[in-house]
Amino acid sequence: MARKDDPLGVTQSVKFNTRLTSIDTPEDIPAHWVDTPIADLIGAHNFGIEIKASGEPRMLISTCIEFRYRPAVPSHYAYVIRRASGRLIGSEFSLVYALSRGVKHVVLIAHNDCGMTQVSHHKPAMIAALVDQGWDAERAEEFVAMHAGRYHIEDEVDSLKREFYRLKRLFKRVEIAPLFVSLSSNRLHIPNWYFDYMKKPVSEKAGESSIPAEEYLMLP
C-alpha cells in the first residue's frame, strides 16, 4: 500500500487517483478479460498468483524501459517489448510477428513518474552522454532533438489512451488491454477512460478522430 507521502504510488496521488480504477479482487477484472492471459498477468501482479508457462507465446506486452519494475511473467510465456514511453511506435513489425505466432492479446502498460514526461529536462545530460561516447556535439544535439519529440509524452494516462486508439485503428481484431502500474506497489490499475471506450458502439471503437492521420502507420 502506498504511503500518502509516497510520490511513486498512484492511490493517493492527486494526478492519478481519480483517473485510475484499482483491481482489488479477481472479481474486479473486466469479464471479457477473464480466462485470458490478461487476467493471468493481473493475477500475478496484484494477487501473487503464479503464471504457468505454456511453452507457447500467449501475449505481447509493451511497456517502458523503466528499471523500477518488470512485468511479472515467466519465460516461455510472453513477448515483451520495452521502449522509452512504452509505446509501440517503430515496433509494429514486432507486433505483426507476434500475431503470426498465434498471439491474440496485447497489453500496454504505462506507469507513473515516467521520465519521458521530462525529456526536455534530460536533454543536456543525453547530449553530454553522446559526446562522452565520441559523438560530435552538434550531431549529438541534432540526434537528441529529433528523437525527443518522438518519445516525449505530456501525461502518462493520456499517452496510454492515445497509443491504445492508434493500435486499435491498425489492428482491429486483437484484444488490447491498457493497464497502469504503480511503481510503489507494482499493482496494475485500469485507466477510467477504458470503461468509457467499452460503452461505445462497435462502429465508434476503431479509432480516435483527434489523432492526426500522420501519426498512424501507413499501411498499403
| request: Go through the stretch 154-180 residue by residue and tally those that are outside any helix (DSSP H, G or I) and either without any contact (Cβ under 8 Å) to a residue 60 or more places away in the chain or hydroxyl-bearing (S, T, Y) (or both). | output: 4
| said: Within the stretch 57-66, does at least one residue satisfy the condition of being surrounded by 12 or more Cβ atoms within 10 Å (Cβ to Cβ), more than 17 Å from the chain's Cα centre (by Cα), farther than 19 Å from I153 by Cα and not hydroxyl-bearing (S, T, Y)? | reply: yes
| From D136, D196, which residue is under 23 Å from V34 (Cα atoms), among the acidic types (D, E), without any contact (Cβ under 8 Å) to a residue 12 or more places away in the chain and out of contact with any helix residue (DSSP H, G or I) (no Cβ under 6 Å at 6 or more places or on another chain)? | D196
| In the stretch 104-133, the residues that are under 30 Å from L60 (Cα atoms), surrounded by 14 or more Cβ atoms within 10 Å (Cβ to Cβ) and free of Cβ contacts under 8 Å to residues at least 60 places away in the same chain | C114, G115, M116, T117, V119, H122, M126
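Any read-out appearing in this document is the output of simple, stated calculations on the displayed coordinates, not a laboratory observation. Not measured: the values here are computed from a predicted model. We place every Cβ from the backbone using ideal geometry, glycine too, and count neighbours over all the protein chains shown.
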